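Quick notes on the structure that follows.
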Amino acid sequence: MSSVEILRFAVRALVANRLRSLLTMLGIVIGIAAVILLTALGNGAAKFIQSQITGLGANSITVIARAASGTAGASAGASSRPLTAADAAALADPQGAPDVAYVAPVVQTSATVASGPNSETDTVIGSTPDYFPGANQVVASGRGYDQADLTAARPVAVLGRTVADDMFGVGSVPLGRTVLLNGSPFQVIGILQAKGQGGPGANPDTNVLAPLTAVQSTFTGFGNLNQIVVGARTTDSQNAAESEVYSIIDRRHGITNPNNRDYQLISSAQIAQVLDQTLSTFSLLLAGIAGISLLVGGIGITNIMLVSVTERTREIGIRKALGATPSAILAQFLVESVILSALAGAIGVAIGIGGTLIPLPGGFRAVVVPGAVIAAVVVSIAIGVFFGGYPARRAARLRPIEALRRE
Amino acid sequence: MTRAADDRSEAPVLDVRRMSKVYGEGETAVHALREVDLLVRRGEYVAVVGQSGSGKSTLLNILGCLDAPTSGRYLLDGLDVADLDERQQSILRNRQIGFIFQSFNLIPRTTTFANVELPMVYAGVSRRGRRERTRAALDLVGLADRADHRPNQLSGGQQQRVAVARALVTRPALLLADEPTGNLDSASTEDVLDLFDGLHATGRTIVLITHEERVAARADRTVVVTDGRLAEQAGARP
């Protein structure tokens, strides 16, 4: 008996019981579609959050001062020290920190921004031109301040999109106009690209960027720094750059116990790692739920095939009387369940992939995981073999005389 | 396989020796067949008659390799059936025996053509060979124009003729008919019995079980089963 004939018998039996076949397949279809959709959602969420994090500044590490942890006085040698321009200079030394590409010292202050009748309180950030790539700030129109502006401490400002909207009207490009920062006039030379609220920290669209020297002379004085933004040479050297930063500042601040540091590093890689772990746990949970629905679908196949074997006992008896070998009967029922489950798997894959095309609120898209699709197809066929195997073996083992007597 | 070495045409198609069949054990044991002997030669047309419960169905099931005897020997076309496993018995049924049942036993929702073709599918006959032989068998039983009908679209007599065509296509050594006319009206009974007469005339070996006298009268020989024992009887029943 050829495989073509077995296939023909199986298809004929499935078509003869169309409704039942379709309902049986439904369980697997839902299971497979759920596996693909849920993994795609998890994957899409991960990709979305990753893109938001890289928005913080690719390859950049931010050093922020903080009070030493631990109870006061317990660590006498580790009194809290602010970050200084000397710290920034040390980080810029290519001998001690070969993986550091640039160092941007940052001072920031809250200031009243005013233009004509409009006035609001925003964050003014003073730094060097390297701050733009370091914080992933892109100038949409006009220009960023440059080294010349920095050296001359020129009162020039680059406005965040929201600040420009609030001061000069939505969508305006007020290049050359003047804003008052705490009463001091600054000339607007550029507008930043809108970023939107993403990741931790303040909304970058409400910042005003100005040269470090200008901000220091106008507001903060030439004292301590709020942050130092450090850029690694490449993504791969980010970890190396981080440990260089740690060792340099630990030495300068006299820190021996890493748990008592009076500063901390924040890098996009760190945040990405934490979120990645959270997300993969989440994805695993979703896949688990989908897997359970697959199992239920598989049991549905067993159930229906058992019903089918019972219902067709007489037919099996006739076939055996006419010379069907046990293996021919086994093959027929096994192929039936495999066709059911494989077809259901294919439909489930189509629905799952189709479902990922539906646009989602929140701006992220489900991204299909190819591995999940392959696994789903393999699993659905395996379900057919595994869950169809028992009823098929029962059919094959039926004794012809008993099967024929059944009405 | 232990095929008898002598000339095939001389070997009996059925050779049953001291065969018994017991259902159950101990005090509740039922002796369906008691040390039965039966010899059927090639080309013979034998009717097995007996009342219901006499053991004739048990005999037919064993002759058709659907059931195994408790003791005794059974040679089918010179081959000892006891030596065969389940798979080999399936193949033996396929090649050597054509079944005709009282309740027709066509496969439902399947066309006449596919029903007749079925034993040849299990025999591994090519598609083309199957088509030719199915057409020839349907011609023989006069149902060539019903090839695409399903069993529920045929009368009982037509269904039984399809079953006869199905029993013939593999050119078996033996046709086993279990009350083939039991569910048929007298006109259809005549049709089917005429068909058997025709097959007998072309040299087919037929063993037919019946409780109807007029059916048994058509056979060369009648064997009576009473309480599990066989007795030869010539001519009509007394």
- [ ] Would you check if A:PRO185 is out of contact with any Cys (no Cβ under 6 Å at 6 or more places or on another chain), touching a residue at least 24 places away in the same chain (Cβ under 8 Å) and more than 18 Å from A:THR206 (Cβ to Cβ)?
- [x] yes
- [ ] Using the structure shown, decide if B:ARG150 is crowded, with 21+ Cβ neighbours inside 10 Å, at pLDDT 90 or above and basic (Lys, Arg).
- [x] no
Task: Tally of residues being over 16 Å from A:GLY323 (Cβ atoms) and at the interface with chain A (Cβ under 7 Å from one of its Cβ atoms) across the stretch B:85-107 - done: 0
Open item on the list: Please pick out the residue among A:GLY323, A:GLY317 that is under 23 Å from A:PHE9 (Cβ atoms), part of a loop (DSSP other than H, G, I, E, B) and within 14 Å of another protein chain (Cβ to nearest Cβ).
Closed with: A:GLY323
Task: Members of the stretch A:11-22 found to be hydrophobic (A, V, I, L, M, F, W, C) and within 13 Å of chain B (Cβ to nearest Cβ), listed by number - done: A:VAL11, A:ALA13, A:LEU14, A:VAL15, A:ALA16
TODO: Residue by residue through the stretch B:57-84, note down the ones that are assigned to a loop (DSSP other than H, G, I, E, B) and more than 13 Å from chain A (Cβ to nearest Cβ).
DONE: B:THR70, B:ASP77, B:GLY78
Task: Some residue of the stretch A:327-344 being farther than 21 Å from A:LEU294 by Cα, out of contact with any Gly (no Cβ under 8 Å at 6 or more places or on another chain) and part of a loop (DSSP other than H, G, I, E, B) - done: no
- [ ] Determine whether the stretch B:22-39 contains at least one residue that is under 13 Å from the mean Cα position of the chain (by Cα) and either in contact (Cβ under 8 Å) with a residue 40 or more places away in the chain or not in a strand (DSSP E or B) (or both).
- [x] no
Task: Single residue of A:ALA269, A:ALA194, A:ALA290 found to be aliphatic (A, V, I, L, M), surrounded by fewer than 17 Cβ atoms within 10 Å (Cβ to Cβ) and out of contact with any strand residue (DSSP E or B) (no Cβ under 7 Å at 6 or more places or on another chain) - done: A:ALA194
Task: Residue match in the stretch A:262-270 (condition: part of a helix (DSSP H, G or I) and aromatic (Phe, Trp, Tyr)) - done: no
TODO: Among the strands (runs of 3 or more DSSP E) lying completely within the stretch A:174-238, list those that include at least 2 residues that are farther than 13 Å from A:ILE125 by Cβ, at pLDDT below 90 and assigned by TED's automatic domain parsing to the domain that holds A:THR121.
DONE: A:227-232
Task: Residues located in the stretch A:304-363, provided they are under 16 Å from A:VAL379 (Cα atoms) and either outside the structural domain of A:VAL11 (by TED's automatic domain parsing) or free of Cβ contacts under 8 Å to residues at least 60 places away in the same chain (or both) - done: A:LEU334, A:SER337, A:VAL338, A:ALA342, A:ALA346, A:ALA350
Open item on the list: Need the failing condition index for B:SER54 against (1) at the interface with chain A (Cβ under 10 Å from one of its Cβ atoms); (2) in a loop (DSSP other than H, G, I, E, B); (3) touching a residue at least 40 places away in the same chain (Cβ under 8 Å); (4) touching a strand residue (DSSP E or B) at 6+ places or on another chain (Cβ under 8 Å), just the number.
Closed with: (1)
Open item on the list: assigned by TED's automatic domain parsing to the domain that holds A:VAL349, within 28 Å of the chain's Cα centre (by Cα) and either at pLDDT 85 or above or within 21 Å of A:ALA403 (Cβ to Cβ) (or both): is that true of A:ILE292 in this structure?
Closed with: yes
TODO: Would you point out the residue of the stretch A:293-314, among those that are in a helix (DSSP H, G or I) and within 14 Å of chain B (Cβ to nearest Cβ), that is surrounded by the most Cβ atoms within 10 Å (Cβ to Cβ)?
DONE: A:SER308
Task: Single match in B:ASP67, B:ASP85, B:ASP80 (criterion: more than 13 Å from B:ASP227 (Cα to Cα), in contact (Cβ under 8 Å) with a residue 24 or more places away in the chain and over 15 Å from the mean Cα position of the chain (by Cα)) - done: B:ASP80
Open item on the list: Please pick out the residue among A:ALA366, A:ALA375, A:ALA321, A:ALA403 that is surrounded by 16 or more Cβ atoms within 10 Å (Cβ to Cβ), of a type in the set (A, V, I, L, M) and modelled with pLDDT of 90 or more.
Closed with: A:ALA321
TODO: Answer yes or no as to whether B:ALA173 is modelled with pLDDT under 90 and surrounded by 16 or more Cβ atoms within 10 Å (Cβ to Cβ).
DONE: yes
Open item on the list: Cβ-Cβ under 6 Å, sequence separation 6+ or interchain: first residue in the stretch A:386-401 and away from chain B (no Cβ under 11 Å), partner among the small types (Gly, Ala, Ser) and surrounded by 19 or more Cβ atoms within 10 Å (Cβ to Cβ). Which pairs?
Closed with: A:PHE387/A:GLY298; A:GLY388/A:SER337
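The values are calculated or read from the model by the stated rules, or taken from the named source; none is laboratory data. Note that the structure is a prediction, hence the values are computed from the model and not measured. Every residue, glycine as well, gets a Cβ built from its backbone with ideal geometry; the counts of neighbours run over all protein chains shown.
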